[in-house]
Amino acid sequence: MDWNEYTRMFVGLFAIVSPIGVVPLYLSFTENIKRRRAMVARTTALSVALIFTTAMFIGQALLSFFSISVDAFRVAGGLLLMSIAFGMLHAKDNRTTHTPEEAEDAVDSASVAVVPLAMPLLAGPGSMSTIILFSNQIESVMDYVALFVICQLVAGIIWGILHFAPQIGDRMSQTSMNVTTRVMGLILAAMSVEFIVGGLRNLLPGLA
């Protein structure tokens, strides 16, 4: 591999992860734990880095060990994403039964950082399968080092974007935030359908 290949890997992985698009979701998920947002951003980035590294070194072997195909993993991620999308579409009603203080005590910020922020929103089936495919192209130790650095660099960029997400949120009104949350919920629902259909199309080609 050469620098053009490394650049292609970085751009491809960053495009699939698309951390800018996760900012409204991040602000919505952490609305009642604002004081812990810095920790959530850090935990999310570390989780993404760990997931990427795991996918790079043992992803294919792990899926093969459990006899799980990437397409089956894609369907499972789509179902999880669908449940999250439904929750976002009805978030307003759910919040009326709890005060922000009660919600803050009930929410485990570490869990929010790992699921759904790190997985499946950022390090989802698409990015993990991409890393697995990249790792299959590796021909030398230098290629392993380059792919590892690329994964950590993308995780670092994710941390930077999420860390400064509140500044972006401060410039958005509550109404626009609510509308954005519901629109993103609808988009997430559509994305989950794409994940599920794409996986089922390959698992059950007769359906196509």
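Bear in mind that the values in this text are calculations on the coordinates, not laboratory data. Keep in mind that what you see is a predicted model, and the values were worked out from it rather than measured. Because the Cβ atoms are built from the backbone with ideal geometry, glycine has one as well, and the counts that use them run over all protein chains shown.
Summary table below
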read-out: Of the criteria (1) of a type in the set (Gly, Ala, Ser); (2) more than 16 Å from residue 148 (Cβ to Cβ); (3) within 15 Å of the chain's Cα centre (by Cα), which one residue 49 fails; value: (2)
read-out: Residue selected from segment 39-95 under the condition hydroxyl-bearing (Ser, Thr, Tyr) and in a helix (DSSP H, G or I), by the criterion farthest from residue 184 (Cα to Cα); value: 64
